[in-house]
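Below you'll find the structure, written out as structure tokens, and then a few comments.
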Amino acid sequence: NDTAKPSYRIATIEGDGIGPEVTRSAMAVLKEACGGNRLDFVMVPGGVGHYQATGKVLPAETLAACRDLDAALHGAAGLPGVTYPDGTEVGNELHLQLRFQLDLYANVRPIKLLKGVRSPLRDHDATMAGGGIDYVIVRENTEGLYASRGAGVLLRGEFASDSLVVTRKGTERVARFAFELSGKRGGALRDGKRRVTVCDKANILRSYAFFRSVCDEVHREFPGIDIDYAYADAITVHLLKKPDFYDVIVAENMFGDIISDLGAATVGGMGISPSGEIGDDHALFQGAHGSAPDIAGQDLASPIAAILSGVMMLRWLADRHGDEALARDAERIERAVETVLETGEHVPTDLGGKARCSEMTEAILRALA
Ligand code: ATP
Ligand code: MG
């Protein structure tokens, strides 16, 4: 009896490009797994298409829904070539505004090789001991080098400069998030260890040395978890050569952005990689990919990143509300996705197959049943 269980209201923005098709797929799968009335998807507008129609990229009702409902799910935003009157691209503005308005300071990118997916890294597959590749990148999402966006200087076509901002408060909260996450994962590594790796360039820049020292201070609150350090250049090599060493990686905004794309490529790419942007009180989930306008509206997109982002959302809600049934539903969806990928009858286009978005969705719904 569903009515006895708590239900959740989800602010849902379909967005641009492939956003609507992958979002509908994720909604169908989540509804099926969780039972009829546990999830109420409240559709709200936003994105570049909405800007073209109305002059607003993030309407007030959408911001209010993302703030006041239980969680937010987002398809994708951005269409190339659409600009504000001053000539700057609208691009990802919806997302950036939500990030700052809701203070979503942790950008969480699980890098997990699912069964049935071939990694470009030789010798890695999900059936090997320890699961092969299974770590999480926690990217600081509100400061770092990208804090300079819109504030950089360009002088007489001769000199340009941006500044990197690292604050104690900003670093403490994202570091704490990373250590807590490692604790919740409970020793996911092959050697049973819990480990947070701090990714920086502390050897070169003062701001990164500060980032590292604040992470060190926060680490004292978590004696059961190891701390480890990697320079941003070196970690690109390690993520290819020994990805199974990593549990949780915490990184400054730009480094986190770069290694998140690298990590996604080792487990099947953006079309299969979920992401969550999480703050103390709010969270927004969406696939790691963009709006992919080249394939939009053709039923060619892979819905897997969107579905797995929905899984992340269910786990976040389950954790927050102590809802074990919801955590089990999340688990069942992930298993169903793995079953479909492992069976290999339906392979999405970005993984070299021919399955349409609708076919992938139906196959996953069947695997759930
Ligand atoms: P953004 O600027 O928003 O980061 P991007 O320029 O990095 O976007 P994406 O839209 O993420 O580009 O995707 C790049 C290409 O990868 C797309 O044009 C598309 O061909 C492919 N792609 C992305 N997502 C998917 C998906 N879910 N399924 C299939 N192919 C995809
Ligand atoms: Mg991109």
Options PHE255, ILE278, THR236, ranked by Cα towards positive dipole end of the stretch 223-292, top entry (Cβ charges): THR236
The stretch 300-350 versus the stretch 216-250: alpha-carbon centroid distance in Å: 26
Computed [θ] at 222 nm, helices only, for the chain once each DSSP H run of length n ≥ 4 contributes -39500 (n - 2.57): -12500 deg cm²/dmol
Electrostatic dipole magnitude of the chain [Cβ: Lys, Arg +1; Asp, Glu -1; Cα centre; debye, to 20]: 560
Pairwise label distance in nanometres, ALA369 with ARG149, each label 7 Å out on the Cα-Cβ vector: 4.2
Backbone HN-Hα couplings from phi across the stretch 341-349 [Karplus 6.51/-1.76/1.60, Hz, Gly and Pro as x]: 5, 5, 5, x, 6, 10, 10, x, 4
Percent of C-alpha pairs per 10 Å bin, the chain, short to long: 5, 24, 33, 27, 10, 1, 0
Cα centre as origin, Lys/Arg/Asp/Glu Cβ charges: the stretch 221-369 dipole, Debye: 520
Chain lengthening between ASP123 and LYS56 when straightened (0.36 nm per residue, less Cα-Cα): 19.3 nm
Among beta bridges that DSSP assigns inside the chain, antiparallel share in %, nearest 5: 45
Among PRO110, TRP316, ALA178 the positive-end extreme of the charge dipole of the chain (Cβ point charges): ALA178
Amide H contacts under 5 Å for LEU73, placed H, 5+ residues apart: ALA11, THR12, ILE13, PHE285
Pairs from LYS31/LYS241; LYS169/LYS201; LYS115/LYS241 whose Cα-Cα separation, in the structure shown, is over 31 Å: LYS31/LYS241
Of THR62, THR266, THR88, the one that fluctuates the most in a GNM where the chain has Cα springs shorter than 10 Å: THR88
Dipole magnitude of the stretch 135-208 about its Cα centre (Cβ charges: Lys, Arg +1; Asp, Glu -1), debye to nearest 20: 400
Stretch gain in nm, segment LEU96-TYR229, where the contour uses 0.36 nm per residue and the Cα spacing is subtracted: 45.0 nm
For the stretch 1-104, with +1 on Lys and Arg beta carbons and -1 on Asp and Glu, the positive-most of PRO6, GLY87, ALA72 along the dipole: PRO6
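All of the numbers you see were taken from the coordinates with simple rules; none came from a lab. In this text, all values refer to a predicted model and were calculated from it rather than measured experimentally. Every residue, glycine as well, gets a Cβ built from its backbone with ideal geometry; the counts of neighbours run over all protein chains shown.
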